[in-house]
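Below you'll find the structure, written out as C-alpha cells, and then a few comments.
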Amino acid sequence: MSQYWSDIVHHLTPYVPGEQPKLQNLVKLNTNENPYGPSPKVIAALQAEAADSLRLYPDPDSGRLKVAIADYHGLQPSQVFVGNGSDEVLAHVFQSLLKHDQPLLFPDITYSFYPVYCGLYGIQFETVPLNAQFQITVQDYMRPNGGIIFPNPNAPTGIPLPLADIERLLQANTQSVVVIDEAYVDFGTESAVSLVNQYHNLLVTHTYSKSRSLAGLRVGYAVGDAGLIEALMRVKDSFNSYPIDRFAEAGAIAAIKDEDFFQQTRQQVMASREQLVVEMTAMGFEVLPSGANFIFARHPQYSGEQLAAGLREQAVIVRHFKKPARIAEFLRITIGDDSQNQALMKALRTLLQP
Ligand SMILES: *Cc1c(COP(=O)(O)O)cnc(C)c1O
C-alpha cells in the first residue's frame, strides 16, 4: 500500500517512545512520569470542566493559561506559547525557528526526538560530542550554526549545566536561536527563564508531564521574546487552531496555582533520588550526577542489556538505549515512590548476588 504514501513518509525515522505496558502491577520506571498523581485541585478542575460547555471549541489562544504561566514566571502573556505537550511545542520550534542554511547543533547524546524533527522538516543538523564525563561543553557550540538546542538537564544523562555556562553561550551566540529544553528543570537544575528578557534569541521550553504529574493531559509551553513567540503562533495557526482542549487548559491552570503540592512532590522526588544514588553507588554502580527525576547508571560487571532484562523478569521496567555505543551499558531509571524504589533495589540485589 505504500505506493500511496507521500515521498517524505518513505524517508521518515519516527521517534520510539518508552513502552506503556498493558500489564498491571509492573514497577514502571521507564518513561520519567511522576510517581505521585496530580494535585487534587487539578482533579477538581477537570471534573468541573466535564459540562455542557464541551460542545463549544476552547479558546484558540489559551489566554487564561498564558496569563497563569506568565504570572508564574514574572513575564508577559505575549512571551508565552502553549501547545499539546512540549513535543508539539518543540515541533513548531524546529519548523519556525531552527531551519536555516547553516546546520542546527545539538549534542550527540540527547533527546532522540531532535533528529526526528529534523527528518520531518528537512533541517540540516550536526551533533556535538559530549565530553568524557558526558557533559555539554558550551565552547563547542561557538561556531557558525542555524540554531542550538539541548535539554537542561540533558537527557538521558540527567546532568545539569550551570546557568553561567548558558549565559556564556548566549553572549557568544547572537545570530541564531538558542533553545533550552527544560523538561526536567524543576528537579534541581537552574532555569534559564530568568534570562529571556535579556537575550532575545533565547527560547525556553517546559512541560507539565514531569514535575506537574500531568503526562496524560498533554500540556507544554515555551517562553521567550514576543517576536519568537509570534513565529510559533504563525505555525500553530497554520496547523491546529485548538491544540489545548478545555480540560487541558483548566487542569494546567489549577496545577500551576497549587504551589504547595508542586513543592512537596518535587522535593520528595529529589530526596528519593539522593537516597537511590547512595544505595546504588554502594552496590558498585557508577551514577552520573542528576538534576532530573531519573538517574543514568552503569555497573562495571554487568551489561546494560543484561541488567534491563533481569529487572524486567522481576517486573521492574527501566529504559535501556542500545545506541549510541557510548551509553549502551547505562540504564535510565525514573525515580519512583518509596515502594517502587524499594522494589527496584530488591530486584537489583537479586541480580547482583554473587
Ligand atoms: C519528556 C520530554 C519532553 C516532552 O514532554 P511532553 O510530554 O511532550 O510535554 C521534551 N523534552 C524532553 C527532553 C523530555 O524528556
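The values are calculated or read from the model by the stated rules, or taken from the named source; none is laboratory data. The structure displayed is predicted, hence computed values, not measured ones. FYI the Cβ positions are ideal-geometry reconstructions off the backbone, even for glycines, and counts take in every protein chain you see. Ligands, DNA and RNA are excluded from the accessible area calculation, which covers all protein heavy atoms including side chains. Shrake-Rupley method; radii C 1.70, N 1.55, O 1.52, S 1.80 Å.
Look at LEU203 and say whether it is outside any loop (DSSP other than H, G, I, E, B), of a type in the set (A, V, I, L, M) and within 15 Å of the ligand (Cβ to nearest atom). Step through it out loud before you land on a result.
Values: outside any loop (DSSP other than H, G, I, E, B): yes; of a type in the set (A, V, I, L, M): yes; within 15 Å of the ligand (Cβ to nearest atom): yes.
Yes; evaluated as a whole, the condition is true for this residue.
As for segment 182-189, it holds at least one residue that is under 13 Å from ASN152 (Cβ atoms), assigned to a loop (DSSP other than H, G, I, E, B) and away from the ligand (no atom under 14 Å from the Cβ).
Is it the case that LEU214 is at negative phi, assigned to a helix (DSSP H, G or I), modelled with pLDDT of 95 or more and in contact with a Phe, Trp or Tyr (Cβ under 8 Å, 6 or more places away or on another chain)? Walk me through how you get there before you give the answer.
Working: at negative phi: yes; assigned to a helix (DSSP H, G or I): no; modelled with pLDDT of 95 or more: yes; in contact with a Phe, Trp or Tyr (Cβ under 8 Å, 6 or more places away or on another chain): yes.
Criteria not met by LEU214.
Please indicate, with yes or no, whether at least one residue in segment 76-96 is of a type outside the set (Phe, Trp, Tyr), open to solvent by 50 Å² or more (accessible area, probe 1.4 Å), in the same structural domain as GLY251 (by TED's automatic domain parsing) and free of Cβ contacts under 8 Å to residues at least 24 places away in the same chain.
Of the residues in segment 76-96, the ones of a type outside the set (Phe, Trp, Tyr) are 76-80, 82-93, 95-96.
Filter once more, keeping what is open to solvent by 50 Å² or more (accessible area, probe 1.4 Å): 76-78, 84, 95.
Now narrow it down to the ones that are in the same structural domain as GLY251 (by TED's automatic domain parsing): 76-78, 84, 95.
With free of Cβ contacts under 8 Å to residues at least 24 places away in the same chain added as a condition, the list becomes 77.
Within segment 76-96, one or more residues are of a type outside the set (Phe, Trp, Tyr), open to solvent by 50 Å² or more (accessible area, probe 1.4 Å), in the same structural domain as GLY251 (by TED's automatic domain parsing) and free of Cβ contacts under 8 Å to residues at least 24 places away in the same chain.
A single member of LEU161, LEU170 is in the same structural domain as ARG143 (by TED's automatic domain parsing), open to solvent by less than 30 Å² (accessible area, probe 1.4 Å) and either more than 16 Å from the ligand (Cβ to nearest atom) or among the charged types (D, E, K, R) (or both), and it is LEU170.
Does LEU202 satisfy the criteria of being in contact (Cβ under 8 Å) with a residue 12 or more places away in the chain and touching a strand residue (DSSP E or B) at 6+ places or on another chain (Cβ under 7 Å)? Write out each step before concluding.
On the way: in contact (Cβ under 8 Å) with a residue 12 or more places away in the chain: yes; touching a strand residue (DSSP E or B) at 6+ places or on another chain (Cβ under 7 Å): yes.
Yes: the conditions hold for LEU202.
In the set (1) surrounded by fewer than 16 Cβ atoms within 10 Å (Cβ to Cβ); (2) away from the ligand (no atom under 16 Å from the Cβ), ASP108 fails one condition alone, (2).
Applying the criterion of being among the small types (Gly, Ala, Ser) and under 27 Å from VAL185 (Cβ atoms) to the residues of segment 289-307, the residue that is most open to solvent (accessible area, probe 1.4 Å) is SER290. Being touching a helix residue (DSSP H, G or I) at 6+ places or on another chain (Cβ under 9 Å) and away from the ligand (no atom under 15 Å from the Cβ) is a property that does not hold for GLY83. Kindly indicate whether THR205 is among the hydroxyl-bearing types (Ser, Thr, Tyr), crowded, with 16+ Cβ neighbours inside 10 Å and not assigned by TED's automatic domain parsing to the domain that holds ALA183. Criteria not met by THR205.
Going residue by residue through segment 297-304, is there one that turns out to be on the phi < 0 side of the Ramachandran plot, modelled with pLDDT of 95 or more and under 20 Å from the mean Cα position of the chain (by Cα)?
Taking segment 297-304 and keeping what is on the phi < 0 side of the Ramachandran plot, we get 297-304.
Then drop every residue that is not modelled with pLDDT of 95 or more, which leaves 297-304.
After this cut, where a residue has to be under 20 Å from the mean Cα position of the chain (by Cα) as well, the list is 297.
Yes, segment 297-304 contains at least one residue that is on the phi < 0 side of the Ramachandran plot, modelled with pLDDT of 95 or more and under 20 Å from the mean Cα position of the chain (by Cα).
Here's the yes/no breakdown for (1) over 17 Å from PRO153 (Cβ atoms); (2) in the same structural domain as SER191 (by TED's automatic domain parsing); (3) part of a helix (DSSP H, G or I):
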residue	(1), (2), (3)
ARG273	no, no, yes
VAL277	no, no, yes
THR281	yes, no, yes
ALA297	no, no, no
ALA308	yes, no, yes
